[in-house]
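Report on the following structure.
What follows draws every value from the coordinates through simple rules; no lab data is involved. Remember, it's a predicted structure, so these values are computed and weren't measured experimentally. Every residue, glycine among them, receives a Cβ derived from its backbone with ideal geometry; neighbour counts consider all protein chains shown.
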Amino acid sequence: MNAATPAPEELDALLRLLDDETPAVRQRVAERFALCGGDISEWLATQPRLLTDEEKQLLTEMLSPGRRETLAREWIAPSGGASALSEDWESFESLLRTLSDFLHDGIALRQPLADALDLLAEEAEEAGIVTENELRAFLFDGTRFRGNQSKYYDPRNSDLAWAISEGQSNPLGLCLIFILVAKRLGLEVEGVNFPGHFMCRIFQDGYPIIIDCFDHGQLHLQSTLLESPELNKAQRSILRQTADPGTILLRLLNNLNQSLEQNGRGADAQLVRELLKTLE
């Protein structure tokens, strides 16, 4: 028989025991928090007590088994693997939302990914954005979004809800925000799965333009980049191609696996590797 999820009254008592270092008490507290599905942010927001940084870290760790269990249960891999996603951006975004919930710390109150993307699209629409290049400038020319230079390998860069809230991410995270907001506005922004540095492509007057979202949305003529002697034949071929949702998802999961390992989160990384197997 499965143990019951803690009621609000028990959560309140568990919270008071967070700083108890007695091994038996700490183990019991961790076991009970593990049954909360990995997220108590809405309940926690109603509590008057402010947690210390140490308590936040401890609570996040105690909630992590629940987040892993939720991700494993809610992950719906497409039949046929990553290649089956093809142009299925709706299923792709659904999987991104599931990953976002998994990467959330479970204690900070924030908007769900879909709502955050919707709000960005509404703000862009209200600002009169009607072209891909205008959207690029809206997102990256100012201070709205920037490259996370100081924490490039932070796993949260793959959590688009966190990236939108914090205004920063890695190249892939920033490009995905650009692509998904563009789709809400009926604009065409393509992904470019360039090795080591994901980028985007738009078209102006029929000419393909490469966008480096990590570098403040810097514009590059694709034809100019293709002439660079620093690129080999394979890199030039990739630069011409458009990354589909399946290709992007595989790259995101591989990036996430590496960043989780680098940050000492072996159990989370193992689960991500299992997700990768479902896309083969």
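The figures follow:
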read-out: Spherically averaged projected area in nm², based on the convex hull that wraps the Cα atoms of segment 177-280; value: 8.3 nm²
read-out: Shape call, segment 99-230: gyration tensor on alpha carbons, a/c limit 1.5; value: oblate
read-out: Segment 188-246 shape via C-alpha gyration tensor axes, a/c threshold 1.5; value: rounded
read-out: Ellipticity estimate at 222 nm from DSSP helix runs (n ≥ 4, -39,500 (n - 2.57)) divided over the chain, nearest 500; value: -16000 deg cm²/dmol
read-out: FRET E, pair Q235, E280, Förster distance 30 Å, beta-carbon r, rounded to 0.05; value: 0.75
read-out: Gyration tensor (alpha-carbon) shape descriptor, segment 1-67, a/c threshold 1.5; value: rounded
read-out: Angle between the chain longest axis and helix 53-74 axis [Cα atoms, degrees, rounded to 10]; value: 70 degrees
read-out: Partners for K56 among lysines (Cα-Cα distance below 28 Å; same-chain residues under 8 apart left out); value: K151
read-out: Of [x] -0.30, -1.03; [y] -0.47, -0.99; [z] -0.35, -0.97, the label for log10 I(q)/I(0) by the Debye sum over Cα atoms at q = 0.07, 0.14 Å⁻¹ derived from the coordinates; value: [x]
read-out: For segment 182-194, Karplus couplings with θ = phi - 60° (6.51, -1.76, 1.60), whole Hz, Gly/Pro x; value: 4, 4, 5, 9, x, 9, 9, 10, 9, x, 10, 7, 6
read-out: Net charge, Q149 excluded, C-beta distance under 14 Å - Lys, Arg +1, Asp, Glu -1; value: -2
read-out: Test item: Cα-centred dipole of the chain, Lys/Arg +1 and Asp/Glu -1 on Cβ, debye; value: 740 debye
